[in-house]
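Below: one structure, written as structure tokens.
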Amino acid sequence: MDKTVDHAYFTRKMFMRSVLLAPLGAIGLALAEIGDTILVGHAIGMDGLAAIGFTSPLFLLAAFLEFGLAMGGAVVYSNLMHEGQKEKALEIFNFFLRVSVVIGFGIAAGGLLFEEELLGFLGTHPGDGDVYRMAKAYIFYILLGIPFVILMEVLATYLRNDDADTFSTTVLSASGVVNLIISALLLLVFDWGIAGCSFGFFVSNFAAALACIGYMLLHTRGNLRLQRKAASFKEAVKPLRLGFATSSEYIFDAVFTLIAIHMLAGMVGTDGVAVFSIIENLSVLFIFLYEFIGKTSQPLYSTFFAECNFTELHRMLRYGLVYSTVLGALATALVMVWPQVLDLLFGLEDVEDAAKAYYAARVFCGSSIFMGVALLLQNYLQSEEDEWGAFLIVFLRRLGASLPIALVLAEYGFYAFWFVYPLAEIVTLIILYFYKRSRGERHTIDPARVYSATFLGRVADVAAQIDSAEAFAKTWGAGEKTCNTLRLAMEEICGVMNERAARQEGGPLLSQLTLIAQEDGTLTLHLRDDGKELDPFRLSVEQADPESKPVEEIDVRALGLHAVKTHVRQYLYRNYHGFNTVTLTV
């Protein structure tokens, strides 16, 4: 049967390779995130939980920094790479790597030097007795681990944008699992007490950071490199603003949590605070599930956004929304039908009125699907470099909408209060709808200036696409010389890939073409195919001096590719997500 054109093939395969297994990493990290709470709650009790509670602002600070430094820079790095600006992309990476090291070790040094003052600032004093002593023991290794958790997250995010999705997800998952195992062993078997949990945090993140550095240095096929030249602060302002627009949610979390605890304590006493702690920890499981889908989708959003392939960008967003909705619905159904799962996770049997916690959990789960949509759109807007849209979602979800709603619902009592979760998510999505309706979708270029097609590598199909691309270029004022160069590039690249990279003998490759008529008069060509890995520009290296070889040894196709290299302004080859990807500027 003749092979037909599957227009969604590349997008579907990228999604399956990068995003499909993301929830596995999310589960590992989420369990690690709440692991100390689970272990300490069962092994030590309320004093241990209080000690962890006092140190929670440090985790919020670390999360604010690690995600802020990682995400914004990685989005810009990915976009620059897909635009063929590798040197500028590496300068961004090296800037953020250095800033991460300085900030991380600065926090650790300052915290260890002024440990007593830090504990006082966090709210615990020697008069607190065992709680203070446990907080002091716990915070020591947390401070030692903060530089490495920041460094690990930054490196893993950039590696994810450098076609190392599997490694990045594996390291993050392994780090969470190792943290949990070490913490459990030291706390429950070797009697380290609460310090065992924080030592697990330190060791696991130290090892994960070393693994990322080793992979970057030894994996020669990747593009990430350490170099002396880095971007200036002025050049880094945009990615800094983009990253911290999202990570600011952790600061908003701290404010909302503090106020909510006071309101619930006033309503029903410590039982209310205990239930709130359980719901916030439950929310971590959902947030990590959706965030991992969003974060692993983000490089793919950035790819199609940089290529101006808006059809596939929207297709990728639809895949993410459907996937997150299905997983969220399954997780919600589990809690709705069997709320006793909370007993296993959080030691709920010790809470006097477990029915209150079951009720709150069920109401919270009613918000989970809306939460998934909001978090996925947040990552999508980051890829569009719409930092204000991303910030709007963060602000509304955790403070702008949730806090006013919580203040109103608190007037109606404990059972009404929990509706703050679904109502805040719904209000956020409604406001976001009107924001996007007024602003419109962000495009770096008029969509009319973009020509996209998916086609087979058969001679007739390639010729038809070359004619269509040339006609499109002429409509935007491309001259004869530019059109000839475009035709040469498409003929030679499509020809050599179909002849030498086909996975089946005689079977045509499937190719994806995006041609952009830039406003400065240049043309940007993106070609992607499903063939075996083959860099067409390497073939031309040996043919730079064909006169030195006998006629029968000259590779005519390689000569054509050498001509392409000498006529285009920029060229870049990457094997991205298993597909040959070529970017040319004509």
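The values are calculated or read from the model by the stated rules, or taken from the named source; none is laboratory data. These numbers were taken from a predicted model, which means no experiment stands behind them. Glycine also receives a Cβ, built like all others from the backbone with ideal geometry; neighbour counts cover every protein chain displayed. Ligands, DNA and RNA are stripped out before the accessible areas are found, and what is left, the full protein with its side chains, is counted by its heavy atoms. Shrake-Rupley method; radii C 1.70, N 1.55, O 1.52, S 1.80 Å.
Cα centroid distance between the range 473-521 and the range 193-217, in Å?
After rounding, the separation between the Cα centres reads 47 Å.
For the chain, what % of the accessible area comes from carbon and sulfur atoms, probe 1.4 Å?
The value for the chain is 64 percent carbon and sulfur by accessible area.
Calculate, in nm to one decimal, what ASP467 and LYS565 gain on full extension: separation in residues at 0.36 nm each, minus their alpha carbon distance.
That pair, ASP467 and LYS565, stretches by 33.2 nm at full extension.
What is the calculated FRET efficiency for PHE537 to VAL326, with r their C-beta to C-beta distance and R₀ = 56 Å, to the nearest 0.05?
0.85
For ILE369, ILE146, what's the largest-to-smallest order of accessible area, 1.4 Å probe? Spell out each step's value before the answer.
On the way: ILE369 65, ILE146 5 Å².
From most accessible down to least: ILE369, ILE146.
Expressed as a rounded percentage, what relative contact order does the range 351-423 have, with Cα pairs under 8 Å and six or more residues apart?
Across the range 351-423, relative contact order equals 40 percent.
Test of understanding: what is the full-extension gain from HIS125 to VAL255, defined as 0.36 nm times their sequence separation minus their Cα-Cα distance?
Net length gain for the segment: 44.6 nm.
Taking 0.36 nm per residue of sequence separation and subtracting the Cα-Cα distance, how much length would be gained by fully extending the chain between PHE434 and TRP338, in nm to one decimal?
The span from PHE434 to TRP338 would gain 30.8 nm if fully extended.
Where in the chain is the longest stretch that carries no trypsin sites (Lys or Arg not before Pro) classed as loop by DSSP and with at most 16 other Cβ atoms within 10 Å?
Between exposed loop sites, the widest span is 4-220.
Tell me the label-point distance for the pair PHE190, LYS481, using the 7 Å Cα-to-Cβ offset, in nm and rounded to one decimal.
Each label point is offset 7 Å from its Cα along the Cβ direction, giving 7.0 nm.
Normalized C-alpha radius of gyration of the chain, against 2.2 N^0.38 Å?
That ratio works out to 1.08.
Suppose we flag GluC sites (Glu not before Pro) only when DSSP calls them loop and at most 12 other Cβ atoms lie within 10 Å. Which is the longest uninterrupted stretch of the chain?
Segment 1-351 is the longest.
Over 29 Å between Cα atoms, which of LYS86/LYS238; LYS532/LYS565; LYS295/LYS436; LYS238/LYS532 qualify?
Working: LYS86/LYS238 18 Å; LYS532/LYS565 21 Å; LYS295/LYS436 21 Å; LYS238/LYS532 37 Å.
Listed pairs above 29 Å: LYS238/LYS532.
At most 13 other C-beta atoms within 10 Å and a DSSP loop state: those are the exposed chymotrypsin sites (Phe, Trp or Tyr not before Pro) I care about. Give me the longest piece of the chain that has none.
With chymotrypsin sites (Phe, Trp or Tyr not before Pro) excluded where exposed in loops, the chain gives 191-586 as its longest stretch.
Averaged over every viewing direction, what's the projected area of the C-alpha convex hull for the range 447-585? Give it in nm², one decimal, please.
Value for the range 447-585: 8.7 nm².
With every protein chain kept in place and ligands, DNA and RNA left out, what is the accessible area per residue of the chain? Probe 1.4 Å, answer in Å².
About 42 Å² of surface per residue is accessible.
Please give the solvent-accessible surface of VAL408 in Å², to the nearest 10, using a probe radius of 1.4 Å with every protein chain present.
We get 90 Å² for VAL408.
Calculate the dipole size of the chain relative to its Cα centre from +1 charges on Lys and Arg beta carbons and -1 charges on Asp and Glu beta carbons; express the result in debye to the nearest 20.
Result for the chain is approximately 1040 debye, rounded to the nearest 20.
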